[in-house]
Amino acid sequence: MPHSDDTSFPVSETSRIRRYHERGSHERQAVYAVLDASPICHVGYVIEDQPYVTPTLHWRLGDRIFWHGSSASRFLKQTREHKVCLTVTLIDGFVLARSAFNHSVNYRSAMVFGVAHQLTDPAEKEASLKAMTEDFYPGRWDKLRPITAQEIKATAVLYMDIAEASVKVRSGPPGDQAEADFPVWAGLVPLQTILSDPRVDGDPDHPLPVLSARLGAKT
Ligand SMILES: Cc1cc2nc3c(=O)[nH]c(=O)nc-3n(C[C@H](O)[C@H](O)[C@H](O)COP(=O)(O)OP(=O)(O)OC[C@H]3O[C@@H](n4cnc5c(N)ncnc54)[C@H](O)[C@@H]3O)c2cc1C
């Protein structure tokens, strides 16, 4: 059976980190930090023995992770009430070592396990879509043309409560100091995702939107 404490998620054979376990953790705050650092996740699931991994947007309230899409989406229809594995990956840099074998990347990644469920109550769906919009663009929901009942009906919102979760993080320079004398450039090439200046569509006189740090905005 999985075991846990308040500061960490439960660990079972599913989420026990074996490879480079010193890079990993099951701590809640570490998991939240990686999930919240990117709006994009990938949801893995199996339909009739065929695995699929679908990229989508996600947002989080406590231990509950949400994603959404068209009510007609096969991905959304087929994952509800099924086990899923959701991942978030950020690349922080390319690590160029003195041998091909020792090259690496600096990264932060999270793997989350649980069962997908679908919100059915229109009021709950609207509240969660507002939460997503506010998560990405704080203060924007109330400025927008109100959502319609038809738009809520056309949108499926799924969620999973985190049953188990792990993170792995690699940081720092190449780990090949034993061959530091080998005559080739070695080091770290940092990689960042940042927002560019907004490009207006229509009336340029409205104030610029607020963009959350999750989208790459400077804080
Ligand atoms: C950007 C990036 C590039 C990578 N490149 C490579 C590569 O080229 N080759 C390679 O072998 N590995 C690479 N990794 C690491 C890879 O994700 C796996 O951790 C590694 O392959 C070990 O897999 P495993 O199934 O043997 O791990 P195990 O330790 O057996 O996995 C057991 C459990 O540990 C946890 N876990 C494992 N990996 C991760 C992870 N990345 N993030 C969060 N939890 C995890 C999960 O809960 C998993 O079920 C990369 C990771 C990232 C994020």
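Each residue in the range 178-199 was checked for being closer than 30 Å to Leu144 by Cβ and surrounded by 10 or more Cβ atoms within 10 Å (Cβ to Cβ), and 2 pass. So, Pro146, is that one over 20 Å from Ile65 (Cβ atoms) and of a type outside the set (Val, Ile, Thr) or not? Criteria met by Pro146. Taken over the range 5-60, the criterion of being more than 16 Å from the chain's Cα centre (by Cα), more than 10 Å from the ligand (Cβ to nearest atom) and loosely packed, with under 15 Cβ neighbours inside 10 Å is satisfied by Asp5, Asp6, Thr7, Glu22, Val46, Ile47, Glu48, Asp49, Gln50, Pro51, Tyr52. Name every residue in the range 92-121 that is touching a residue at least 60 places away in the same chain (Cβ under 8 Å), farther than 19 Å from Ala165 by Cα, within 16 Å of the ligand (Cβ to nearest atom) and of a type outside the set (Asp, Glu), in order of residue number. Those that are touching a residue at least 60 places away in the same chain (Cβ under 8 Å), farther than 19 Å from Ala165 by Cα, within 16 Å of the ligand (Cβ to nearest atom) and of a type outside the set (Asp, Glu): Gly93, Phe94, Val95, Leu96, Ala97, Ser99, Asn102, His103, Ser104, Val105, Asn106. The number of residues in the range 124-150 being assigned to a helix (DSSP H, G or I) and under 25 Å from the mean Cα position of the chain (by Cα) comes to 14.
Among what's in the range 92-130 and is in contact with a Phe, Trp or Tyr (Cβ under 9 Å, 6 or more places away or on another chain) and loosely packed, with under 15 Cβ neighbours inside 10 Å, pick the residue that is nearest to His68 (Cα to Cα). Residue satisfying both the conditions and the ranking: Val105.
Could you say whether any residue in the range 128-148 is away from the ligand (no atom under 14 Å from the Cβ) and on the phi > 0 side of the Ramachandran plot? There is at least one residue in the range 128-148 that is away from the ligand (no atom under 14 Å from the Cβ) and on the phi > 0 side of the Ramachandran plot.
For the range 141-158, check the following and say yes or no: at least one residue is crowded, with 17+ Cβ neighbours inside 10 Å and either closer than 30 Å to Thr7 by Cα or out of contact with any helix residue (DSSP H, G or I) (no Cβ under 9 Å at 6 or more places or on another chain) (or both). Yes: one or more hits.
None of the figures in this text is laboratory data; all of them are computed from the coordinates on show. These figures come from a predicted structure and were not determined experimentally. Cβ: placed from backbone, ideal geometry, glycine included. Neighbour counts: every protein chain shown.
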